[in-house]
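To start, the structure under review is shown below, and the notes come after it.
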Amino acid sequence: MRLTAIPESIIERIALWANLVPVPLLDTQIAFTGARAIMAATELGVFEALAAGERSAAEVAAECRTDPRATGQLLDCLVGLGYARWRGGRYAMAKAQRKWLLRKSPSSMVDKLAFQALEWDLVGKLEEFVRTGKPLDFHSSMSPEQWRIYQDAMRDVGANPAVELAGRMPVPPGASRLLDIGGSHGLYSIELCRRHPTLTSTILELPGAVDRASAIAAREGMGERVSYQVGNALTDDLGEAVFDVVMINNVVHHFTPEQNAELARRIARALKPGGVYAVGDFLRSASPGAGGGVPAVMDLYFALTSSSGTWSRDEIEGWQRGAGLAPLKPIQFQSMPGWASLPAARPD
Ligand SMILES: C[S@@+](CC[C@H](N)C(=O)[O-])C[C@H]1O[C@@H](n2cnc3c(N)ncnc32)[C@H](O)[C@@H]1O
């Protein structure tokens, strides 16, 4: 899946076809200003104000305590982007966005959009990264407040894929112990435990994450079966033949190939015979572009922010095979374009 310029009239269609349209301006100024407008409207409570019913710009401004004229211009921009509708001087929220941009929705992305204000600044350092090759390694430099925003954001991103994964993960019969590496908010563990009543999960997380992450998980009321262990997956002893399932979602993109290969070996040792090690992440294609726009952009983003990047199916399965595990059928996701979970089993 990728973003692209969509013509809105026959003249624009012809101009686009004839390469008369300066597409890079659409891909940059229109994309980044539009993106920031959606983030600003979320942050300022504009969508929440529109959720209750049609409003004039002045009414939205009064509810959000913002400037009426600037609020009107923001609303007009949202109409142009398809995030709001306008009729007879009154604005309404686009129906499809209610699922994503209202705080009370189970699929809310409101906290993720708040985190994107931090990501905005990180991405501003891209030129410097490409010049020097030096990544930002944001895990080692976040303040406690930024850790909180980060964990809330990960909850938003994980909510729907967690339900999808829980329904399709190959869990060995009678499985009792799950290790969720970098499991953050715990939703992947929680949904899997809900599906498999004999399962309990340990979430291994960095110290900075645990306070907020465990508070998010507590809201789900699964505290008796999902617990936290503060540690570091790269250095901690994971034990021998203890777990039926080890899962790592959106974490291997932070590690180097050597770290991932070594981690797979320690995980294979920690699995019971017949146990499963599943790696969930955006998959980079073997050749540039073949995997679509989302993994390509995410590869660069993770390289900038965390020193590593996305990995291909061959690379991930290579680490699993190197650890003596046998790759199983990959699980593709509808709720996250370009994302997949690659399970592999330890032979009995
Ligand atoms: C992008 S988040 C993914 C969270 C969750 N698994 C999900 O998919 O929504 C990455 C998480 O991995 C954790 N993490 C990063 N390096 C780690 C390490 N060496 N050991 C344990 N956790 C780690 C971070 O603290 C963070 O919560």
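Taken together, the values in this text are just the output of simple stated rules run on the coordinates, not laboratory data. What you see is a predicted model, and the numbers here were worked out from it, not measured in a lab. Cβ atoms come from the backbone with ideal geometry, glycine included; neighbour counts cover every protein chain shown.
In a simple Cβ point-charge model (Lys, Arg +1; Asp, Glu -1; nothing else charged), the range 10-102 has a dipole of about 260 debye relative to its Cα centre. Computed over neighbours whose Cβ is under 10 Å from that of K112, the net charge equals -3, Lys and Arg +1, Asp and Glu -1.
When the alpha carbon gyration tensor of the range 217-340 is reduced to an equivalent ellipsoid, its three semi-axes come out at 25, 18, 15 angstrom, largest first. With contacts taken as Cα pairs under 8 Å at a separation of at least 6 residues, the range 126-345 carries a relative contact order of 21 percent.
For the range 151-262, the Cα gyration tensor yields ellipsoid semi-axes of 19, 18, 14 Å (square root of five times each eigenvalue, largest first, whole Å). Computed from phi, the 3J(HN,Hα) profile of the range 23-29 under the Karplus parametrisation 6.51, -1.76, 1.60 (θ = phi - 60°) reads 3, x, 5, 5, 5, 10, 4 Hz, with x in place of Gly and Pro.
Of all DSSP beta bridges confined to the chain, the antiparallel ones make up roughly 40%.
If you wrap a convex hull around the C-alpha atoms of the range 1-102 and split its volume per residue, what is the figure in Å³? Kindly include the intermediate steps, with their values, before the conclusion.
Working: hull volume 12.3 nm³, N = 102.
It is 121 Å³ per residue.
The modelled label-to-label distance between A35 and K134, using points 7 Å beyond Cα along the C-beta direction, is 2.4 nm.
Here the range 296-340 is treated as a Stokes sphere of Kirkwood radius computed over C-alpha pairs; at 37 °C and 0.692 mPa s its diffusion coefficient rounds to 272 µm²/s. Toward the positive end of the charge dipole of the range 126-345, with +1 on the Cβ of Lys and Arg and -1 on the Cβ of Asp and Glu, the farthest Cα among P257, G167, G338 is that of G167. Quick note on the chain: its Rg to Rh ratio, both from C-alpha atoms and Rh being the Kirkwood radius, is 1.01.
For the range 253-306, the convex hull drawn through the C-alpha positions has a volume of 96 cubic angstrom per residue.
For the chain, the number of Lys pairs with C-alpha atoms closer than 24 Å, counting only pairs eight or more positions apart or on separate chains, is 7.
Loop-located trypsin sites (Lys or Arg not before Pro) across the range 150-254 with a Cβ neighbour count of 14 or fewer within 10 Å are R219, with loop assigned by DSSP.
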